[in-house]
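Below: one structure, written as structure tokens.
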Amino acid sequence: MRSALAPQHICIYRDEYLPETMKFFHHIEDFIKAREPVLIDFSDCASISAAAAVITFAKITRYQLIADSFGMKLGHQSIQIKLPTDKDVRNFFRSTGFYDAIRAGGRNKLERLWNDTHNPFKTSNALQPDISTLIKHLKARLGKTPERLMSALSEGYLNINHHAYESSLTEELYGRWWQYTTSIKPNGTFSVILYDAGIGIPGSLENKIREAKWYSATDNQVIEFAMKKGNSRYPDNFGRGNGFSNIKQPVDVNKQAKHLLIASGRGSVTYKDQKIVNSELLTNYGYGGTLIEWCFDGEMK
């Protein structure tokens, strides 16, 4: 059995860790495309950041669903997990619920995760997800849900269902999103992160960018364009295109908000204080979908 070896630090936030992290994700995708059994080897892992954790959760469980859906000989057991050698890191994987999220299992495992109020890793592709369960989970995790966050998440789920995936995708994966809510750190910082494995914002807006003859647009510039009110994939917007206004609201209206991070295609954009403060383009691989992170600096009152 071949393996995908995780880097020492699985992280998309820091430039020094980003290339190897993206390479790791790309290797998992290669195994998915080949429908080949794989060992996901975390032996050398010393840390995993919040955003990288939800992408890893998505990559592994997506493959597990594909293995079952396409009748691979061992089904979801085709993907084996080797935990970190370091005892403290191994305990961290277990105590955070991450190992329960990525361990061998198919649809039933994901349903158990959904109903487990205390596990912070969630995934669904329901057209109308059970919002009451999500609210219960967020309150158990955070004590109080930041203002406008549920509206932003609901907008995110809707955008994923309408825009993220090609219609030919298998039923188990179409419209699927993955979510992770971090614990509140001692300094009060926490994040809520939503990810999909779809075509990405640049792919969704490809026709509109072409119509505008903006041939030199990079993925991060397309994300910036999408964040402006009224810019959607639909011609003349058809009354749509305001979704990012809702996505930005939790950061705009909460004093404790730290930033909003949007990563899609090969681009990433950071938004705070009602403006874009950072915009970057990856040099190797893309994010394999779209990630949205709402980060708050201070416990909600």
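Looking at region 185-213, which of its residues are over 19 Å from SER268 (Cα atoms), assigned to a loop (DSSP other than H, G, I, E, B) and not polar (S, T, N, Q)?
Pass one, region 185-213, residues over 19 Å from SER268 (Cα atoms): 185-190, 207-208, 210-213.
From what's left, assigned to a loop (DSSP other than H, G, I, E, B): 185-188, 212-213.
The answer is LYS185, PRO186, GLY188, ALA212, LYS213.
Looking at region 203-213 only, could you name the residues that are closer than 19 Å to LYS248 by Cβ and either surrounded by fewer than 20 Cβ atoms within 10 Å (Cβ to Cβ) or not hydroxyl-bearing (Ser, Thr, Tyr) (or both)? Quick ask: steps written out before the conclusion?
In the first step, residues of region 203-213 are kept if they are closer than 19 Å to LYS248 by Cβ; the result is 204-205.
The one that is closer than 19 Å to LYS248 by Cβ and either surrounded by fewer than 20 Cβ atoms within 10 Å (Cβ to Cβ) or not hydroxyl-bearing (Ser, Thr, Tyr) (or both): LEU205.
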Give the residues of region 146-190 that are farther than 27 Å from THR218 by Cα, of a type in the set (Ser, Thr, Tyr) and at pLDDT 90 or above, sorted by residue number.
SER151, SER154, TYR180, THR181, THR182, SER183, THR189
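This table checks each residue for (1) out of contact with any Leu (no Cβ under 8 Å at 6 or more places or on another chain); (2) at pLDDT below 95; (3) surrounded by 13 or more Cβ atoms within 10 Å (Cβ to Cβ); (4) part of a loop (DSSP other than H, G, I, E, B).
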| residue | (1), (2), (3), (4) |
| --- | --- |
| HIS118 | yes, yes, no, yes |
| ALA126 | yes, yes, no, yes |
| SER132 | yes, yes, no, no |
| ILE135 | yes, yes, yes, no |
| LYS139 | yes, yes, no, no |
Across region 244-301, the tally of residues that are of a type outside the set (Lys, Arg), in contact with a Lys or Arg (Cβ under 9 Å, 6 or more places away or on another chain) and assigned to a loop (DSSP other than H, G, I, E, B) stands at 13
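Looking at region 45-55, is at least one residue more than 25 Å from LEU260 (Cα to Cα), over 18 Å from the mean Cα position of the chain (by Cα) and either at pLDDT 95 or above or of a type in the set (A, V, I, L, M) (or both)? Explain how you work it out, then say what you get.
At the first step, the residues of region 45-55 found to be more than 25 Å from LEU260 (Cα to Cα) are 45-46.
Then keep just the ones that are over 18 Å from the mean Cα position of the chain (by Cα); that gives 45-46.
Next cut, either at pLDDT 95 or above or of a type in the set (A, V, I, L, M) (or both) only: 45-46.
Looking for residues that are more than 25 Å from LEU260 (Cα to Cα), over 18 Å from the mean Cα position of the chain (by Cα) and either at pLDDT 95 or above or of a type in the set (A, V, I, L, M) (or both), one finds at least one in region 45-55, hence yes.
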When you look at ARG94, is it under 19 Å from the mean Cα position of the chain (by Cα), part of a helix (DSSP H, G or I) and of a type in the set (Lys, Arg), yes or no?
no
Please go through region 203-245 and pick out each residue that is modelled with pLDDT under 55 and small (Gly, Ala, Ser).
GLY239, GLY241
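The values are calculated or read from the model by the stated rules, or taken from the named source; none is laboratory data. On a predicted model such as this, the values are computed, not experimentally measured, just so you know. Neighbour counts are summed over all protein chains in view; Cβ atoms, including those assigned to glycine, are modelled from backbone coordinates with ideal geometry.
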